[in-house]
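First up is the structure itself, then whatever we jot down about it.
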């Protein structure tokens, strides 16, 4: 199901957005407009049937995130979720964490544990592929008993990387994770070497997106 997203670019460097049941005022610098010609027509009021928008957090913004290496960007997709879609997404998080915790389903071979360099976190993986390997980043090795009630108290991100033909080890990991703010989900990519700062990064991104949420419709003009 798609929702109308009405956008107006103002002279102050913001784009006013009506996404589903939410109102947002997003800085132009945070819009990843590559391939998005509907956002490049100056001050015209535009409309498009969509429920998501691509966003980017640049080097200058991320400089303030504690522990994050300098010179990095984070890109992702901000997606509006109605109540049913939100419930399905949260349930999928819980199901995935439970499968990983118990090493069932697609994770049944994930019995290898290695530390993420520079952090208290762990890689969980199976045997690497011949060219590409996949793994999950978790906060702790799975223990006896139930998975933590909050999936993000266990799972951090899903990653993949190129397998070195000499060592058989994957490197250059690119990771995908997400977070929720109100009725939107931000799904974003980051290099594995940024994982040690993931909690600071998630706090920063949550605060930034929360600051975009605009409830006073008079400010959307």
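Here are some notes:
- Being surrounded by fewer than 15 Cβ atoms within 10 Å (Cβ to Cβ) and closer than 14 Å to residue 159 by Cβ is a property that holds for residue 117.
- Members of region 143-164 found to be touching a helix residue (DSSP H, G or I) at 6+ places or on another chain (Cβ under 7 Å) and at pLDDT 90 or above, listed by number: 151, 154, 155, 156, 157, 159
- If you go through region 87-125 and keep only what is at positive phi and without any contact (Cβ under 8 Å) to a residue 60 or more places away in the chain, you end up with 103, 105.
- Search result, residues across region 4-19 that are at pLDDT 80 or above and surrounded by 15 or more Cβ atoms within 10 Å (Cβ to Cβ): 14, 15, 16, 17, 18, 19
- Any hit, region 47-56, residues being modelled with pLDDT under 90, closer than 21 Å to residue 20 by Cα and in a loop (DSSP other than H, G, I, E, B): yes
- Some residue of region 82-105 being surrounded by fewer than 13 Cβ atoms within 10 Å (Cβ to Cβ), at pLDDT below 90, out of contact with any strand residue (DSSP E or B) (no Cβ under 9 Å at 6 or more places or on another chain) and part of a loop (DSSP other than H, G, I, E, B): no
- Residue 114 over 20 Å from the mean Cα position of the chain (by Cα) and assigned to a strand (DSSP E or B): yes
- Test: residue 60 is under 17 Å from the mean Cα position of the chain (by Cα) and either assigned to a helix (DSSP H, G or I) or farther than 19 Å from residue 200 by Cβ (or both): no
- Residues of region 63-77 satisfying the condition of being more than 20 Å from residue 151 (Cβ to Cβ) and either assigned to a strand (DSSP E or B) or touching a helix residue (DSSP H, G or I) at 6+ places or on another chain (Cβ under 8 Å) (or both): 64, 65, 66, 67, 68, 69, 70, 71, 72, 73, 74, 75
The values are calculated or read from the model by the stated rules, or taken from the named source; none is laboratory data. Not measured: the values here are computed from a predicted model. Please note: Cβ atoms are built from the backbone with ideal geometry, for glycine as well, and neighbour counts cover all protein chains shown.
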